[in-house]
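The values are calculated or read from the model by the stated rules, or taken from the named source; none is laboratory data. For clarity, every value in this text was computed on a predicted model and none was experimentally measured. Cβ coordinates were reconstructed from backbone atoms using ideal geometry, including for glycine residues, and neighbour counts include every protein chain displayed. Note: areas computed on protein heavy atoms with side chains; ligands, DNA, RNA excluded. Shrake-Rupley method; radii C 1.70, N 1.55, O 1.52, S 1.80 Å.
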Amino acid sequence: LLWLLLFVVCCCRHCCIASDIYKKMKYSGDLVVRASGELVAAKYTEDGRWYRAQVMLAEEEVIEVFFVDYGNTAVVTPRDIRPLYQEFSHLPFQAVECFLAGVKPVPYKEPAAPESSTNDETVVHHRWHPQAKEAIHHMTAGKVLVARVLAKHANKLLEVDLYDIDDEKQVRLGGELVKLGFAKSMAKPVQFPVKADGPAASLGSEKGPIFVPG
């Protein structure tokens with residue numbers, strides 16, 4: 001099965017690491033080659049602040065990083081990378097990988113590529129439609145969501161239900177994807193009453209991470 005992967009973030013004051021320190025640290029211009037998987041400090045261009053990140057792909061002029069406390073990725077230049085101080089490396093990553101409970105993607109077709117080795121005119125994809133990802137962004141950007149963890153699997157993935165509780169409504173995101181035709185229901189997930197009480201932080205930006213109760 002192919003799952004829609006989300007990143008649920010536990011809000012933590014250490015997620016934005018001592019930006020003032022890294023602002024004052026000048027770029028040395030050395031020829032250090034960053035290795036895939038290396039933990040570094042990277043500047044997020046949207047707000048100019050520095051965060052913990054892991055190198056995903058390193059080339060001479062650009063570096064793709066994954067912000068381990070927020071779950072998003074970015075492409076930065078070597079000037080936006082600094083060595084991570086050891087004191088910031090001990091905190092566990094705050095972005096938690098999870099998948100939506102009770103739904104799976106509806107297969108979709110698209111024309112086969114001209115260079116395809118098969119004789120089929122169309123290709124069936126058993127993954128999430130690109131428009132489904134756009135729908136998820138539309139339903140979550142700039143909003144406070146509540147997550148209910150239904151199970152923790154052996155590979156450390158969390159199985160969750162996500163709810164939008166704006167305007168005192170309880171909208172289950174998995175159910176909305178089914179209504180839009182992008183998903184089909186699997187085993188019915190356990191239903192919990194959802195309350196807006198409890199610790200939750202709002203989004204700082206529509207392009208930023210989703211914060212839910214930890």
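Of all residues in the stretch 59-82, which are part of a strand (DSSP E or B) and open to solvent by 40 Å² or more (accessible area, probe 1.4 Å)? Full working, then the answer.
Filtering the stretch 59-82 for residues part of a strand (DSSP E or B) gives 63-67, 73-76, 81-82.
Answer for the stretch 59-82, where residues must be part of a strand (DSSP E or B) and open to solvent by 40 Å² or more (accessible area, probe 1.4 Å): 64, 73, 75.
Only one of these is modelled with pLDDT under 85 and of a type outside the set (Ser, Thr, Tyr): 75, 68, 55, 123. Name it.
Within the list 75, 68, 55, 123, the selection yields 123.
Provide a single number: the residues in the stretch 138-162 that are at pLDDT 85 or above and within 15 Å of the chain's Cα centre (by Cα).
Number satisfying all stated conditions: 7.
Those residues that are open to solvent by less than 20 Å² (accessible area, probe 1.4 Å) and more than 18 Å from the chain's Cα centre (by Cα), I need them from the stretch 83-104; list them, please.
Residues satisfying the conditions are 102, 103.
When the residues of the stretch 137-147 are filtered to those that are of a type outside the set (Lys, Arg) and open to solvent by 20 Å² or more (accessible area, probe 1.4 Å), which remaining residue is nearest to residue 98 (Cα to Cα)?
Ranking the qualifying residues of the stretch 137-147, first place goes to 147.
Restricting to the stretch 37-58, name every residue that is open to solvent by 70 Å² or more (accessible area, probe 1.4 Å) and under 22 Å from residue 141 (Cα atoms). Even if it seems obvious, please write down each step before you answer.
At the first step, the residues of the stretch 37-58 found to be open to solvent by 70 Å² or more (accessible area, probe 1.4 Å) are 45-47, 49, 56-57.
Across the stretch 37-58, the qualifying residues are 45, 46, 47, 49.
Could you grab the pairs with beta carbons closer than 9 Å, sequence gap of 6+ or different chains, first residue in the stretch 29-46 and acidic (Asp, Glu) and at pLDDT below 90, second one surrounded by 10 or more Cβ atoms within 10 Å (Cβ to Cβ) and part of a strand (DSSP E or B)?
From the stretch 29-46, the pairs are 46/74.
What are the pairs, 6+ residues apart or on separate chains, where a residue within the stretch 63-77 that is under 12 Å from residue 40 (Cβ atoms) and touching a residue at least 12 places away in the same chain (Cβ under 8 Å) has its Cβ under 6 Å from a residue that is of a type in the set (Phe, Trp, Tyr) and open to solvent by 40 Å² or more (accessible area, probe 1.4 Å)?
Pairs found: 68/93.
Is there a residue in the stretch 73-93 that is of a type outside the set (Lys, Arg) and touching a helix residue (DSSP H, G or I) at 6+ places or on another chain (Cβ under 8 Å)? First the steps, then the outcome.
Residues of the stretch 73-93 of a type outside the set (Lys, Arg): 73-78, 80-81, 83-93.
Narrowing the set further to residues that are touching a helix residue (DSSP H, G or I) at 6+ places or on another chain (Cβ under 8 Å) leaves 85.
Taking every residue of the stretch 73-93 in turn, at least one turns out to be of a type outside the set (Lys, Arg) and touching a helix residue (DSSP H, G or I) at 6+ places or on another chain (Cβ under 8 Å).
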